[in-house]
Structures are given as structure tokens and as C-alpha cells.
1. Considering only segment 124-142, I want to know if a residue exists there that is more than 18 Å from the chain's Cα centre (by Cα), closer than 29 Å to Met69 by Cα and modelled with pLDDT of 95 or more.
2. For segment 1-75, which fully contained helices (runs of 4 or more DSSP H) count at least 1 residues that are among the hydroxyl-bearing types (Ser, Thr, Tyr) and over 19 Å from the mean Cα position of the chain (by Cα)?
3. Give just the number: which of (1) small (Gly, Ala, Ser); (2) free of Cβ contacts under 8 Å to residues at least 60 places away in the same chain; (3) farther than 19 Å from Pro124 by Cα; (4) surrounded by fewer than 16 Cβ atoms within 10 Å (Cβ to Cβ) does Ala59 not satisfy?
4. Is it true that Thr103 is polar (S, T, N, Q), assigned to a helix (DSSP H, G or I) and modelled with pLDDT under 95?
5. Suppose we keep only residues that are touching a residue at least 12 places away in the same chain (Cβ under 8 Å) and over 17 Å from Thr74 (Cα atoms) within segment 4-40. Which one would you say is surrounded by the most Cβ atoms within 10 Å (Cβ to Cβ)?
6. Taking the residues in segment 163-172 that are touching an Asp or Glu at 6+ places or on another chain (Cβ under 9 Å) and not aliphatic (A, V, I, L, M) as candidates, determine which candidate is modelled with the lowest pLDDT.
7. Quick check: anything in segment 89-98 assigned to a helix (DSSP H, G or I), farther than 19 Å from Asp49 by Cβ and modelled with pLDDT of 95 or more?
8. On the given criteria, is Leu121 more than 20 Å from Gly45 (Cβ to Cβ) and at pLDDT 95 or above?
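The values are calculated or read from the model by the stated rules, or taken from the named source; none is laboratory data. Remember, predicted model here, so these are calculated numbers, not experimental data. For neighbour counting, all protein chains shown are included, and Cβ atoms are generated from backbone atoms with ideal geometry for every residue, glycine included.
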Amino acid sequence: MAQLSDISLVAQVAVFHNKRAFDQLVRKYQSPVRRFFLAQTLGDGPLSDDLAQDTFIKAYTHIASFKGMAGFQTWLMRIAYNVLYDYRRSQKQTTDVEQVAGTASEAPAGLKMDLYKALSLLKPDERTCITLQLIDGQPIDKIAEITQMPEGTVKSHLSRGKKQLANYLKENGYG
């Protein structure tokens, strides 16, 4: 059976409430959504899973609002970004580096832990832009669409974030 396009699957879900079609969308996009959350939560797997689940629940309940103006993945990542924003706001997270570094120390050892530690030093918007570009491979225009930031702002966040990551990793023996 040929893979159905995202638009076709979305139409089946929106019009016929076809849960199997939505399941295909979940299987296709669960890894990128979870990767996004893992980077944002500095390796907290259970929290990433919870946020990813919230994202797919919101996507399912609001799928009729998908207009196809952007790709389905862009629309889904915008929902993921909003879920993350709502979570951060509800937690009233601080940017206390020691508090965030404590979360990173629970991540797997080695480079992954160092990467999460380096990401913890970034401001949340910088971390989001860096994650979307370097980990998920999103172009600047898609990052701007997902985050609803001007492209110039995205470029600034990427530039500052990359410099901070490079400095941290060089200081810790990676370059």
C-alpha cells in the first residue's frame, strides 16, 4: 500500500475522524517532535514524552484548523512550540544555570550530557532556534514560521546561540 500524503491523511482525520490515518501521522512525526522536546528539556525523557503526547492530542483536536498554508510538519511543530511555551509559563522556569545543569546531569554520559549542559546555558528562544535548525534541520524561514519570530530575530538567536555553544564546547575539549 502506497504511503498517503500528509494532506490526504489530514483530510481523512478531519472529515471522517479516521484514527488510523492520524496514527500514520503520529508514527511519521513522533521522532522529530520528541527530539525537539528532548533538546528543550535537556534530556528529560519522561517530560519530553508527556509534552509530545500533549502536542499530538492538540493536533488531533484541532486538525480541522489545518489549512495547508504551510506543511503539516511546520504546523505540528508550531503546536509543539506552543505546548513548550505553555509548559514553561506554567512552571515559571528560572534561568538559574545550576538548576538546569542538575537536569542535564541525569542525561546519558559523554557528549550528549555535555551538549545538554551547553544548551542549558542558552536563553530559551536561542535553544529553540538552535534545536530546530541544528537537530531538526529546519531552514530559517520555517523556524520563523514555527516560532512566529521575524527571520532577523531567528538569525540573531542562531548566531548568539552558536557562538555560546562553540565557546562552551571548545572550553570543554571538543575543538
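1. no
2. Numbers: elements: 6-16, 19-40, 45-61.
Here the list reads 6-16, 45-61.
3. It is condition (4) that Ala59 fails.
4. Working: polar (S, T, N, Q): yes; assigned to a helix (DSSP H, G or I): yes; modelled with pLDDT under 95: yes.
So Thr103 fits the description; yes.
5. Checking each candidate, the answer is Gln40.
6. It comes out as Asn172.
7. To start, the set of residues in segment 89-98 that are assigned to a helix (DSSP H, G or I) comprises 89-91, 97-98.
From what's left, farther than 19 Å from Asp49 by Cβ: 89, 97-98.
Applying the additional criterion that residues be modelled with pLDDT of 95 or more yields none.
No.
8. Here the answer is no, as Leu121 does not meet what is asked.
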